[in-house]
Structure formats: structure tokens, C-alpha cells
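Below: one structure, written as C-alpha cells.
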Amino acid sequence: MTDFLNECQGGVTAAQGFQAGGVYCGIRKAKKDIALISSQAPAVTAAVFTLNKTQAAPILVDKKQLAQSQLCSAIIVNSGNANACTGERGLQDAWTMIKTTAQALNVPEQQVLVASTGVIGQYLPMDKVIAGINDVATKLSKDGHQDAAEAIMTTDTFQKEVAVQYTSGTATITIGGMAKGSGMIAPNMATMLAFITTDAVIEHSALASALHTANSRSFNRLSVDGDTSTNDMAAIMANGLAQNKKITEGTEEYSKFVTALEYVLVKLAKMIARDGEGATKLIEVVVAGAHTEEEAVQAARAVANSNLVKTAMHGADANWGRILCAVGYSGIDFDPARVAISFNELPVLNPNYEIVLNEDEAKKILSQDHIIINVNLHQGSASACFYTCDLSKEYVHINASYRS
């Protein structure tokens, strides 16, 4: 239940004590490419990172930062260059970004995280990056969330922000976030880049657990093209300025916090799916009637990652056989004869292979920009949802000329 939540404006600066900014420094040809998030009070911080064995320098550096300090005062982000596969020089550049940010904001170096996104295998133009960091540090504001959300974009076509508020005792807790991601999306921890801020007072262990839970039901159920990036990262900062009673695991307030956080992350995940490179449709794959939630996720992931399903959705082709086929190779144990499939609320296949497809009605539904593929396995009570998009010729065009 999310009826206790109220959406609000402000993204990563909606919560008390956070400022942000975004500027152009010259990494990219013309668009903003340096973003900064800052908290006026050191924030308890947790993060999840890509499980790709090829990990970008910022990922390696941030793991060391969080191993020595659970507090973070700022996150510096660049777009246009992933700083991945850049060896020792890339690591030194990431540390330089941290050091420069710490000096510009007068905060301890161990309280700064760094993130990068863009082309793999190129060195950062550090003279421009350093100048950009010093510039954005002077332009932080409560209204800077939109500039920051714009500055982390690569092939994204729109900014991705959301924020919610709810009451905890006499306090008001706010959770806000921004994300970027359009291609190379098949997270195995988080999405491309996601940054969440909150003014909640919460134990570090509870914050980390909440992020893990909410992430597993949002970004880890998201796929655009099946590629897991070298730079995937999601971080959450909690500065405690809401002055609520400290949230600990196993309490009602913890459950409310997880629900609110999951709401924010799911909204961001859906935005990323809707903005998939070349995409024209947001697709939700809902698998119900599974033995376990894990099996439901496994089946839904197979359908969401199927290029045959995604191209059929792009062409508004009600080819339900591709969906059943994907569930079949997902690796779960099920009886295909018991499966029912529908598009939104329109049944197309009933159990015992009873085909009830109305081609004209299905065409109308699949021509919309939001499609829900429902698959009921009829063998249990568990369910799960996965988020994806259609696959178009434009995806090939974008990725055939990504570096140009």
C-alpha cells in the first residue's frame, strides 16, 4: 500500500539539506556533463554496484570509500566518458575528482563519492573536469536538481526525477532521486546511475537493507537490451535532518521507509524503460501463479529480454507464442498447458492451449505506448513484475554511431 505517500517536486534536492547543480565543462560536445549533489550534514550512505567483472574506476574507488566511511557529504558525477578500462590512470583520475570536490566544498575526502557514465576506454580530459567541478561547486542550489539530472544523461531523451513525502510521528520524511539510463540496461545490482537522497534518521544497516530490498524489486527487474554496464551504481544518502525517531530494521517505520524507497526506485526504473534507446513503448511483464517469487522473476526476465517479444511489441504483433517460448527457456519448472496470457486485460491464450486471440482488439492494445504482458502459470501464488521496452530500428541506429 502506497496511499500514505505524496509525490512532490525537487528530485534529489526535495529532502532537507540537499543541494545540487549541473554544468557544461567540455567532456561532451555541447550538453551539460558535470553534476554534483551535496548534503549540508554528512549523510549515512549505502550503495550497490555492478557485478560486471569489468568495473569502471569510479566503482573501484567508491567501494574503497564506503569501506572506510559510512558517511558521505557529496557525489560528483560526469557524463560523456565512463572512465572504464582506463587502468591506473583512470583510478588516479577518479581520485582526483574526489579530491577536487572535497577541496571545493571543504569536506573530508573520504566523504565524497564519484560516478561516471559514457564511452568506455577513453581517458577523461582532467583539465576540463577539474574546472567543471570547481564551477559546479559554486552553483549548488535547492533548485539545481534539474541541472544535475540533465548533466548525468547520455543517450537519455528526458530527465528522470521523482520525490515523495510521508509522515513519521510528528516528522515529515522526504525521499528523492534521479537516474540516468537508456541503453546498456540489464542491471545486476542497479541501473546505469541512480542517486537517492533522504532526510530520514536511519541506521546504516537498515538503510543498506532497504536499498537492497527496493533495488531487487525495481532496477534489478529492468532491462532495455540485456547488457549489464561496467558503471552501474545506485547510492542513497540519509542526512537525518527530518529529526524523526531513528528507523531500525524490523519496525513498522522501517516497512514504511522500504515501501517509499521502492516506490521511488520503481518510478525511476519505469522512466528508464520508457526511455530505452529507440523505444516507443513501456512494457511491463507480469508473471503470476508461480511457485516462488524467484521463479516469477526468472520467467518475467526471460520474456523481457527476448528480442523476438520486444520486436513483436514494436510492430503491435500479438505473437503470444514468442512469450510462451521465452518462459519455456527461462529455466523454471512449469506446465505450458496451464499457462494463460493476456495483453493488458485482453485474453489471448487460456489454459489447455485455448486460443482466444482477437487480432483487431490486440492490435489496438499493442499500438499503445504502455503495454502489460500478463502471464499466469497457474501453479502457485507468487508473482513478479519486470520492466522493459520495445526494440526498434532506431536502437540499431543509435548504437551503430554511439561514439560519434
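The values are calculated or read from the model by the stated rules, or taken from the named source; none is laboratory data. Predicted, not measured: the structure shown is a model, and the values here were computed from it. Virtual Cβ from ideal backbone geometry, glycine too; neighbours counted across all protein chains shown. Quick note on the areas: whole protein, heavy atoms, side chains included, nothing else; ligands and nucleic acids left out. Shrake-Rupley method; radii C 1.70, N 1.55, O 1.52, S 1.80 Å.
For region 197-250, taking the residues that are modelled with pLDDT under 95, assigned to a loop (DSSP other than H, G, I, E, B) and among the charged types (D, E, K, R), the one that is farthest from Gly90 (Cα to Cα) is identified as Arg217. Would you be able to tell me the number of residues in region 88-121 that are open to solvent by less than 10 Å² (accessible area, probe 1.4 Å) and without any contact (Cβ under 8 Å) to a residue 24 or more places away in the chain? The number of residues fulfilling the criteria is 0. Here is the figure for region 302-318: residues that are in a helix (DSSP H, G or I) and either more than 17 Å from Ser367 (Cα to Cα) or open to solvent by 10 Å² or more (accessible area, probe 1.4 Å) (or both) total 8.
Could you say whether any residue in region 3-16 is modelled with pLDDT under 95 and either more than 19 Å from Ala208 (Cβ to Cβ) or touching a strand residue (DSSP E or B) at 6+ places or on another chain (Cβ under 8 Å) (or both)? Looking for residues that are modelled with pLDDT under 95 and either more than 19 Å from Ala208 (Cβ to Cβ) or touching a strand residue (DSSP E or B) at 6+ places or on another chain (Cβ under 8 Å) (or both), one finds at least one in region 3-16, hence yes. In the set (1) over 25 Å from the mean Cα position of the chain (by Cα); (2) modelled with pLDDT of 95 or more; (3) within 20 Å of Glu277 (Cβ to Cβ), the condition left unmet by Pro347 is number (3). For the residues Lys128, Lys99, the requirement of being within 14 Å of Ala35 (Cα to Cα), among the basic types (Lys, Arg) and outside any strand (DSSP E or B) singles out Lys128.
Only residues that are open to solvent by 10 Å² or more (accessible area, probe 1.4 Å) and either acidic (Asp, Glu) or within 9 Å of Ala384 (Cα to Cα) (or both): list them for region 287-297, please. Hits for region 287-297 are Ala288, Glu293, Glu294, Glu295, Val297. Taking region 319-404 as the region of interest, the helices (runs of 4 or more DSSP H) fully inside it that hold 3 or more residues being over 30 Å from Gly121 (Cα atoms), out of contact with any Cys (no Cβ under 6 Å at 6 or more places or on another chain) and free of Cβ contacts under 8 Å to residues at least 40 places away in the same chain are 320-328, 359-366. Can you name the number of the only condition in (1) within 29 Å of Ile365 (Cα to Cα); (2) modelled with pLDDT of 95 or more; (3) buried (at least 20 other Cβ atoms within 10 Å of the Cβ) that Glu284 fails? Evaluating Glu284 over (1) within 29 Å of Ile365 (Cα to Cα); (2) modelled with pLDDT of 95 or more; (3) buried (at least 20 other Cβ atoms within 10 Å of the Cβ) leaves (3) as the failure.
Scanning region 230-276 for residues that are among the acidic types (Asp, Glu), under 15 Å from the mean Cα position of the chain (by Cα) and farther than 20 Å from Thr174 by Cβ, we see that the one that is surrounded by the most Cβ atoms within 10 Å (Cβ to Cβ) is Asp232.
For Gly177, state whether it is in contact (Cβ under 8 Å) with a residue 24 or more places away in the chain, open to solvent by 10 Å² or more (accessible area, probe 1.4 Å) and out of contact with any Ser or Thr (no Cβ under 6 Å at 6 or more places or on another chain). Don't jump to the end; show me each part of the working.
Working: in contact (Cβ under 8 Å) with a residue 24 or more places away in the chain: yes; open to solvent by 10 Å² or more (accessible area, probe 1.4 Å): no; out of contact with any Ser or Thr (no Cβ under 6 Å at 6 or more places or on another chain): yes.
When the stated conditions are applied, Gly177 does not pass them.
Among the residues of region 136-153 satisfying the criterion of being assigned to a loop (DSSP other than H, G, I, E, B), touching a strand residue (DSSP E or B) at 6+ places or on another chain (Cβ under 8 Å) and within 20 Å of Gln16 (Cα to Cα), which is least open to solvent (accessible area, probe 1.4 Å)? Ranking the qualifying residues of region 136-153, first place goes to Gly144. For region 30-73, filtering for residues that are out of contact with any Gly (no Cβ under 9 Å at 6 or more places or on another chain), touching a residue at least 40 places away in the same chain (Cβ under 8 Å) and of a type in the set (Lys, Arg) leaves 0.
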